[in-house]
Each structure stands twice: as structure tokens, then as C-alpha cells.
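Heads up: the structure comes next, in C-alpha cells.
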Amino acid sequence: MDYLEVVKNYILDYEKEKTLEAAQAAISAGYDPMRVLDVITEALSIVGEGFSAGDLFLPELIYASDCAQAAIKVLEEKITSDGKEAQHKATVVLGTVKGDLHDIGKSIVAALLMANGYKVVDLGTDVPSEKIAAAVKENKAEILGLSALLTTTAVEMGNVIKHIEKEGIRNEVKIMIGGGATNEEFARQIGADQYGETAVDAIRIAGELIK
Amino acid sequence: MNSKERVRKALCRDGLPDRVPIEFDLCRSLLDAFGQKLGIPVHYTNAIYEDITYRLSGNEIRIALGSDCVHVGASLPRDYEHPKDSNGYIVNEFGMKMRPGPIYIEVIKHPLADVTNAQEVIDFQFPDPLAEGRYDDAEKYIQTYGKDYFIIGNMELTMYDMMHELVGTEKLLMDLALGAEYIEPLIEKTKDFALSVGKKLVAMGVDGVWAGDDFGAQNGMIMSPKMWRKYFKERYREVYAELKAINPNVVIMQHCDGAVAPILDEWIEVGLEVFNPVQPNVPGHDPEDLKSRFGHKMSFWGAIDQQQLLPYGTLEEIAVDIESKIKILGEGGGYMCSPAHIIQQDTSMEKVEAFINAVKKYGVY
């Protein structure tokens, strides 16, 4: 049985329990966890492209990322139990800014980043700028991702960046922003490094930022 | 021609009104500011759900400014106040904990956040839609303004919106995709609650009933047309039919944010008569396209951008857009001009007035 195909297909069928079982079976059968991670990434990319094309919708995207995150935890536990440390491309701190409770987009970005080999520290929603700055410092994050859905809360992103500057760590972290209330021009205005229109964009952008 | 006649003629596409009717909702700070400017006290109607409060409140201010509509709905029961916690966060009658955000009060705790089975939904207590005093304000407004103004009865959070505030959006969308066992009983329960409100308002004599569920987002639908069809299409047929059974002349007005052109044909098929808010600048909502595809079988209410244009546009840009929307969507009637949502605090009073004046200037037939 090709467990890699099985894992991928269960994510595409939004079968969370079966994805978990298949990921565990793949590990038990001796598959390299990194290879399993690769097919998770492939599955999420297919779903992401379907969403961008308007063929798939938010429920499918949320569910696929939920399946993926569950499977990734299994893989990371295996890596740790082998006495190894999961190799990550970079550490990304994610947060929805203070005053904003929206997190669906950020959760999908988190899943995509994890599947693509990033260590993700998700601070959740309504996060004060001090907490974001502290998390970036503590985790030595190479990338900070900020999300906001409301025009009135997006301005808080500028405060986060000022706080990061005040902490003296602006040169150590690249900042990408996203969410319905943001755009390229806004990113430029507040001094962010990049803007991503979709969750799938975040992967490409993260790759560019760590080069 | 008074406001009531103007709106009815426009929305029923029953000949041309004298001009395109106007409607708008204002956030708290704008209601307060205009109340002060006009010397009119703002009457706030605390509604069953906070968003609806801004639909129902400040009718006197809005008609003084030029609105052709008066809004009524289900308020809190007489002498009832929301309990508050130590942070001042309220818990509404549905058990949703709500915190004031920059614009709205937002749900921060969903009472059915952990729901898994049908029995939990069956056991979950909804408030009484016909509790004593809920319709005191509605009665007062219908009596005072019913002769001259088009009375809109609010029954928003009809099904899906109530469900996602009860459960949480992410979990609900996953569970809709999975067909979780609690989904069907929960849709029925929310529908029955909303229908009780809607039927009461129709019986009281409203001119139009405003149902509301947001199936669209900025770039497309939140759920697939297939999912909408599976869970909501026939239920909307049932809802509209029950309202029409009480008054066949009540106008069926449907609020749905976001890009929802893919389901409009079917929604009209089950009884939608007026589409609101015709969110601008989203895929599938080109005004010319919408008018040519649907204008002979549906009327439009909305279409003015309050995300970018009203807060950040110049007065000239606002006037140009309104003139254009009226020309396209109002051709031959069938259009009530309004912003696509509650005008937020990032829009100046000057621009609110500019919007109203532009409709009056360019909307004459």
C-alpha cells in the first residue's frame, strides 16, 4: 500500500480520522516523516488552488487544513520521539492584531506553513503588540505574520511594527501581512516587508523572505 | 408621493416612483452626532442581537435626514437587561458573550462551541420570540410612521448567521461539510425562531420583511452553491411562503453580504424579491450584469460601497458612483439606494449627507 497516496487522498476527502490513521500507519511502516509532510503539503496546495479558482470553498479549506494539522502533529511527535529535532525552514510567529477576533485565514496560513516545514507559533486573535513583539523575541522568529479583517483594526499592525522597532529587533524579523482589510499599499505605508492576498500566497512569500 | 409609496413602487417594479428611494443605517457614533446636530434624541432599541440594534435604532434621526424607511424588529423583553460580567461584557439571551469591538459588539464566547449531537441542540433553550414587550417599540413605530414610511420588519440572523454566532464559524463550516448530526436540528431551531419574529412583524403590518444570512465573502461564496442548496434553499422557500401566507403583499427582502451571484437565480426561484445589499466590488456583482440578468425578476437595495468609497472617497467620487449606480440599477425602477452596510465611524457626517443629497439629485425619474 502506498501510504503517501493514502494520506494525501484522505486530506482531499476531508477525512480527519482516516488521515490520522494513515499518517500513523505510514510512520509504523517506516516512511520518512518528511516524505509524509511533503504529501500533506501537496494535498493542501491542491485544495488551496481549488479555493483560489473558486472550485472549493471555505469549509473545504478549513477542513483540509484541520486534517493536515492533525497529521503534522503525529509526524512531529515521531520525529521528537526518535530523539531528533524537527528541521524547520524558519520560525514564524502568527497573530491577529488587537481588537480583531478573526482567525480563519490565519489558521489556514498556519496549516500551510506547518505543512511546508515552518515552525509556527500561533498567538491567536486579539493579540496586543507587546505580546507579539515578546513572542518574536522569545522564539527568535525569522518571520512575523499579521492578520486583520477590519479597516479599524488593521491600523494596529502599524503599532505592532513600531513596537518591534522599539524593542530593537526590526532588523531581525521579516514582516508579512494579510487579511481583508489590507493590501500592498497599506503594507508599504506601515513598513511591512510583504503583503499576501491569499493564504496560499503566504507560503511563497515566506520562502522569499527567508532567502 | 410619500416615502411608503415611493419605496413600494420602486421595489415592486410597479411603475416609476418620483425618485429612487433612500435607506441607510448608521453606527452609534454617527447616530449620536446627527442626533446632536439635529436636536433629536436618539432612541436606541436594544435588539435580540447587537447588530440588529443598529438596524432598528435612530429611526427619527434617519427619517429627518431623508430615509424613506423605518425599521422595526424584535427588541429585548420589557424590563429586561443583559447581564454583564466584571469586564462589562454582556451575555445576550442566546448565551453569547459579547464584547464591544472597534465597530460592533462581537461574540467572544459561543454557547454551542462544543456541540456534537442533536440532543444538545434539542435541549438548548432559545429565548421566547414572543416575550412580553419585545414588540413595544415596533408597535409604536408602526403606529407613528406606518402611514407615510415604508416599514421594514427585521428578521435577520435567519438561519446560518444565527448558527455561526451560536457555534463559531470555523466549527460550523467544518460540521456543515461533515453533515454533523446536530446541523439539521439547529437549522430548524434557528429558522423557527426567526419565523416567529417575522410572522409577528408581518401580522403587525410591516411593508417588507428583511431576512438575512451572509453566504458570501469578499472574493466568492463562503460555502459552495451545492452546500447552500442542500441546507438552506428549500428552507428559504418555506420561510418566504409562511410570511406571504399572512400578507401576500409583504415584500420579501433578503440581506446577504458578499459575492453571491451564483445562487441568485435559485434564490429568486424560491421567493426572494429584493436583494440587499448588492455588495459592490466583489466578483459577479457588476451592476450592469446584475441588472441585465436579474432586473426583470428581482429588485436591488444597496450597492454603495461603505468599505472604501464612503470613508475615503472624495465628495465628487461619491457623487459620480451614486449617479452611476442609480442610472444602471435604477433604470425602469427596481432600486432603493443605500450603502452596502451600516455606515461606520470612519465615514464623516459630511459624506453621509453627501450620499443622501446625491441620491436625491440623481435619483429623480
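The values are calculated or read from the model by the stated rules, or taken from the named source; none is laboratory data. No experiment lies behind these values; they were computed from the predicted model shown. Note that we place each Cβ from the backbone using ideal geometry, even for glycine, and neighbour counts take in every protein chain shown. With ligands, DNA and RNA removed, areas are computed over all heavy atoms of the protein, side chains included. Shrake-Rupley method; radii C 1.70, N 1.55, O 1.52, S 1.80 Å.
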Skipping prolines and chain starts, which residues have an amide H placed within reach, meaning under 5 Å, of the one on residue B:216, given they are 5 or more residues away or on another chain? B:222, B:257
Compare each residue of the range A:27-71 in its chain alone against the assembly with all protein chains, and report those whose accessible area goes down by 30 Å² or more; 1.4 Å probe, heavy atoms. A:57, A:58, A:59, A:62, A:63
Does the protein assembly as shown come out rounded, prolate or oblate by the C-alpha gyration tensor, with a ≥ b ≥ c the root eigenvalues, rounded set by a/c under 1.5 and, if not, prolate when a/b is larger than b/c and oblate if not? prolate
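How long is the gain from residue A:35 to residue A:184 if the chain were fully straight, where each residue apart is worth 0.36 nm and the alpha carbon distance is subtracted? Could the numbers behind the result be given before it?
Numbers: separation 149, 0.36 × 149 = 53.64 nm, distance 3.50 nm.
50.1 nm is the gain from fully extending residue A:35 to residue A:184.
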Per residue in the range B:217-263, which ones lose no less than 30 Å² of accessible surface when going from chain alone to all protein chains (1.4 Å probe)? B:222, B:224
Rounded to the nearest Å, the spacing of the alpha-carbon centers of the range B:22-57 and the range B:169-190 is 33
Output the pairs from B:171/B:230; A:16/B:189; A:18/B:109; B:140/B:199; B:97/B:230 with a Cα-Cα distance over 21 Å in this structure; if there are none, say none. A:16/B:189; A:18/B:109; B:97/B:230
Which residues' amide hydrogens lie under 5 Å from the amide hydrogen of residue B:279, considering only partners 5 or more residues apart or on another chain, with H built in the peptide plane? B:258
Modelling each spin label as a point 7 Å along the Cα-to-Cβ direction, I'd like the residue B:119/residue B:324 distance in nm, to one decimal. 5.9
Which whole-number percentage describes the relative contact order of the range A:88-211, with Cα contacts under 8 Å and a sequence gap of 6 or more? 28
Of B:279, B:357, B:263, farthest towards positive along the dipole that unit charges on Lys, Arg, Asp, Glu beta carbons give the range B:252-362: B:357
Quantify how strongly other chains surround peptide B:169-177 by giving the mean number of their Cβ atoms within 10 Å of each of its Cβ atoms. 5
Inter-probe distance in nm under a simple model that places probes 7 Å from Cα toward Cβ, at residue B:64 and residue A:159: 3.4
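Pull out the extension gain between residue A:46 and residue A:172, defined as 0.36 nm times the separation in residues minus the alpha carbon to alpha carbon distance; nm, one decimal.
On the way: separation 126, 0.36 × 126 = 45.36 nm, distance 3.28 nm.
Between residue A:46 and residue A:172, full extension yields an extra 42.1 nm.
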Debye log10 I(q)/I(0) at q = 0.30 Å⁻¹ for the range A:1-60, Cα point scatterers: -1.21
At 1.4 Å probe size, put A:88, B:71 in order of accessible surface, largest to smallest. A:88, B:71
Provide the solvent-accessible area of residue A:185, counting protein heavy atoms only and rolling a 1.4 Å probe, rounded to the nearest 10 Å². 110
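Nearest-5 percent of antiparallel DSSP beta bridges in chain B? Numbers along the way, then the final one.
Details: 10 of 36 bridges.
Once the DSSP bridges in chain B are tallied, antiparallel ones form about 30 percent.
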With an 8 Å Cα cut-off and a minimum separation of 6 or more residues, compute the relative contact order for the range B:157-247 in percent. 38
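Using heavy-atom solvent-accessible surface (probe 1.4 Å) with all chains present, what is the largest-first order of A:188, B:28, B:6?
Working: A:188 165, B:28 95, B:6 20 Å².
Sorted by accessible area, descending: A:188, B:28, B:6.
Over the range B:23-180, give the accessible area per residue in Å² for a 1.4 Å probe, as an integer. Show your work: numbers first, answer last.
Values: 6190 Å² over 158 residues.
Here the per-residue accessible area is 39 Å².
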Within straight cross-link reach of residue A:174, meaning Cα distance under 20 Å, which aspartates and glutamates are found once same-chain residues fewer than 8 apart are removed? A:122, A:130, A:138, A:142, A:156, A:165, A:184, A:185, A:193, A:197, A:201, A:208
Heavy-atom accessible area order for A:1, A:157, largest first, 1.4 Å probe: A:1, A:157
With all protein chains present, calculate the accessible area of residue B:122 using a 1.4 Å probe and round the result to the nearest 10 Å². 100
So who's got an amide H within less than 5 Å of the one on residue A:56, skipping anything under 5 residues away but keeping other chains? H placed 1.01 Å off N, in plane. A:51
Per the C-alpha gyration tensor (a ≥ b ≥ c, the square roots of its eigenvalues), the range B:179-268 is rounded if a/c is under 1.5, else prolate if a/b beats b/c, else oblate; here it's oblate
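Around residue A:113, what is the net charge, scoring Lys/Arg as +1 and Asp/Glu as -1 over all other residues with Cβ under 11 Å from its Cβ?
Details: positive: A:89, A:106, A:119; negative: A:122.
Around residue A:113, the charge tally is +2.
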Area of residue A:45 that stays accessible when all protein chains are in place (1.4 Å probe, Å², to 10): 50
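Could you size up the charge dipole of the range A:71-128 around its Cα centre, putting +1 on the beta carbon of Lys and Arg and -1 on that of Asp and Glu, and report it in debye to the nearest 20?
Details: 7 positive and 8 negative charges, 32 e Å.
My answer is approximately 160 debye.
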Under 10 Å, Cα contacts only: if you run a Gaussian network model on chain B, which one of B:157, B:243, B:178 comes out with the highest mean-square fluctuation? B:178
Could you tell me the calculated FRET efficiency between residue B:12 and residue B:139, based on Cβ-Cβ distance and R0 = 30 angstrom, to the nearest 0.05? 0.75
Taking alpha-carbon centroids only, the range B:212-284 lies from the range A:23-69 a number of Å equal to 33
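Just want to confirm a number: the relative contact order over the range B:1-106, from Cα pairs under 8 angstrom separated by 6+ residues, in percent.
Numbers: 129 pairs, mean separation 22.1, N = 106.
Dividing the mean separation by the residue count of the range B:1-106 yields 21 percent.
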Report, for the range B:130-281, the % of DSSP beta bridges that are antiparallel, rounded to 5. 5
Sort out for me the Cα centre separation of the range A:168-192 from the range A:94-154, rounded to whole Å. 12
